[in-house]
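Peer 1: Here's a structure for you.
The values are calculated or read from the model by the stated rules, or taken from the named source; none is laboratory data. Since we're looking at a predicted model, the values are computed, not measured. Note that we place each Cβ from the backbone using ideal geometry, even for glycine, and neighbour counts take in every protein chain shown. Ligands, DNA and RNA are stripped out before the accessible areas are found, and what is left, the full protein with its side chains, is counted by its heavy atoms. Shrake-Rupley method; radii C 1.70, N 1.55, O 1.52, S 1.80 Å.
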Amino acid sequence: MANETMPTSPTAAAIAADDGSGGSPFGEANVTGISVENPSLVEGLLALAMNASGAERCRLQQQAEELLQDVACPSFFDMVSCWPRTPPGTLAVLPCFAELKGVQYDSSQNATRFCNIDGTWDNYTDYDRCEHLEQPPPLPSFEPEIELPTLIYFVGYSISLAALVLAVAVLVYFKDLRCLRNTIHVNLFLTYIMSSSLWILILSLQITVKLEVAGCIFLVTLFHYFSTTNFFWMLVEGLYLYMLVVQTFSGDTLRFRKYAIIGWGGPLIFVGAWAIAKPFFGSVSNLEHPSKLEIECSWMRESHIDWIIQGPSCAVLVINLIFLLRIMWVLITKLRSANTVETRQYRKASKALLVLIPLLGITYLIVIYGPVEGVGSHIFAITRAILLSTQGFVVSLLYCFLNSEVRQTLRHHFYRWRDERNILSGKVNNHHRRPTFSKDNSPRSRTESTRTVEYSIVTMKHSCVLRD
């Protein structure tokens, strides 16, 4: 039966080698009594081997053993462990590696390799006892997977989504608010709603379930389409205001059909070209260090081909900036020609500027570039997330909920509903009590309610089309 040895003491002839993971040496071989022609050369090679690791250490150890004059199995690296010099007919034993390629193993067990009688190693290394350790599953945690800017985007998009849905319902439900200007607003709101909904949906799917490649491609393409339509409807808003203020054309000069072709048809061309070219171009992101929420879908990663849709979006922002400057120039010129106090003129101009900035998407130009390292990059990322995620909420607030026309319409409908309810309530109460009459023998309650209803009907005749 072959002898089984496990080297325990270092010698000048051979040393142990680890698996490259920074652990302790596997073992040593004892070659006491072996004659060496040049001991100083062997000691020098062994000194180099002490400072090396893994396969390199094993190679240096083999060079040192070439000067030895006995028959033995030389040091050998089997791509996992470095087996030390072993006498013939002996079973070499090494402790199992503690870690290999990120997997933990039971280092209390041993691996073996047999050294044949003729001084050659057997072709097989027995690692059967080196079993990997079962790691406890990590506790589900939401916080480490989500960065702060992502949380801000999620909250901001959710708030914007709720406000935009309510704004669209108001502008569509009340007939006296239906005009070209508000129709353009509704389409802009719809692009905000779709892009925000898809962003939230994709994020939720990334966290909860594994998204299939086909589903990923479909959702990412839809998200890019509605994001691009958002920019193009900003362009429509700027074009409409430019035609109305600078060119002094009426709002009906360009029909809604032409605006719809620009807003919905333009992005279809660019996103379609992007979808055709995307599969043929690889991503430029660092795949070794992906983002925390990156899924295995190449369409989610950035590439140079994305400029097919990013280029037109940037061009829209530049055009809207030109529209804004021209509109502000005309506005300031008209304010100066009016007989008003200079401070009041600047106040009106500043208010108009602040109102138009989110509508025309100038916010994107403000945060288009910032620091990429240090504390400044974190502050910029948080600021950018707040401004961009709440832009839909700000637009719905300025052009629906705080709009005097919308507020007046809501007020009139509320008064009419209240008066109708009071009239019906008065009819019911007539069965229980006698009505109070005025001096001209008419019921007072009915006269006051009728007067209020007539006032509401007259004021409701003003259409937003006339104010365009």
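Peer 1: Can you tell me how the range 101-245 classifies by the Cα gyration tensor, rounded, prolate or oblate, using a/c under 1.5 as the rounded cut?
Peer 2: Values: a/c = 5.48, a/b = 3.59, b/c = 1.53.
Prolate, since a/c reaches 1.5 and a/b exceeds b/c.
Peer 1: Same structure, new question: Anything over 31 Å Cα to Cα? Flag those among K101/K210; K278/K351; K101/K278, in the order listed. Let's see the in-between values first.
Peer 2: On the way: K101/K210 25 Å; K278/K351 43 Å; K101/K278 34 Å.
Over 31 Å apart, Cα to Cα: K278/K351; K101/K278.
Peer 1: According to the square roots a ≥ b ≥ c of the eigenvalues of the Cα gyration tensor, what is the shape class of the range 189-252, taking rounded for a/c under 1.5, prolate for a/b larger than b/c otherwise, and oblate for the remainder? Write out the running numbers ahead of the final one.
Peer 2: Working: a/c = 5.77, a/b = 3.75, b/c = 1.54.
The shape class here is prolate.
Peer 1: Hey, can you grab everything whose amide H is under 5 Å from the amide H of F76? Only 5+ residues off in sequence or another chain; H modelled, so Pro and N-termini drop out.
Peer 2: Sorted by chain and number, the residues that satisfy this are W83.
Peer 1: Give me the accessible area of I117, 1.4 Å probe, in Å² rounded to the nearest 10.
Peer 2: Rounded to the nearest 10, the figure is 130 Å².
Peer 1: Taking K and R as +1 and D and E as -1, what net charge do the other residues with C-beta under 15 Å from the C-beta of C400 add up to?
Peer 2: Values: positive: R178, R181, R407, R411; negative: D176, E237, E405.
Around C400, the surrounding residues sum to +1.
Peer 1: Could I ask something else about it? Which part of the range 371-396 falls in the paramagnetic zone of I207, meaning amide N under 17 Å from the point 7 Å along Cα-to-beta-carbon?
Peer 2: 386, 389, by backbone N distance to the label point.
Peer 1: Run the simple label-point estimate for Q63 and A273 please: 7 Å along Cα→C-beta, distance reported in nm.
Peer 2: With each label placed 7 Å out from Cα toward Cβ, I get 6.0 nm.
Peer 1: Moving to a separate point now. Could you tell me the calculated FRET efficiency between H413 and V355, based on Cβ-Cβ distance and R0 = 30 angstrom, to the nearest 0.05? Walk me through the intermediate numbers first.
Peer 2: Details: r = 25 Å, r/R0 = 0.83.
Efficiency, rounded to the nearest 0.05: 0.75.
Peer 1: Explain nothing, just compute: Karplus ³J(HN,Hα) = 6.51 cos²θ - 1.76 cosθ + 1.60, θ = phi - 60°, for every residue of the range 371-385 in order, whole Hz, x for Gly and Pro.
Peer 2: With the stated coefficients, the range 371-385 comes to x, 10, 9, x, 5, x, 5, 5, 5, 5, 5, 5, 4, 5, 5 Hz.
Peer 1: Could you give the nm distance between label points at S108 and F401, where each point is 7 Å from its Cα heading toward the beta carbon?
Peer 2: A separation of 6.4 nm, rounded to one decimal place.
Peer 1: Report the trypsin sites (Lys or Arg not before Pro) located in the range 199-268 that are in a DSSP loop and have at most 13 other Cβ atoms inside 10 Å of their Cβ, or state none. Don't skip to the end; give the middle numbers.
Peer 2: Details: sites: K210, R255, R257, K258; in loops: K210, R255.
Passing sites in the range 199-268 are K210, R255.
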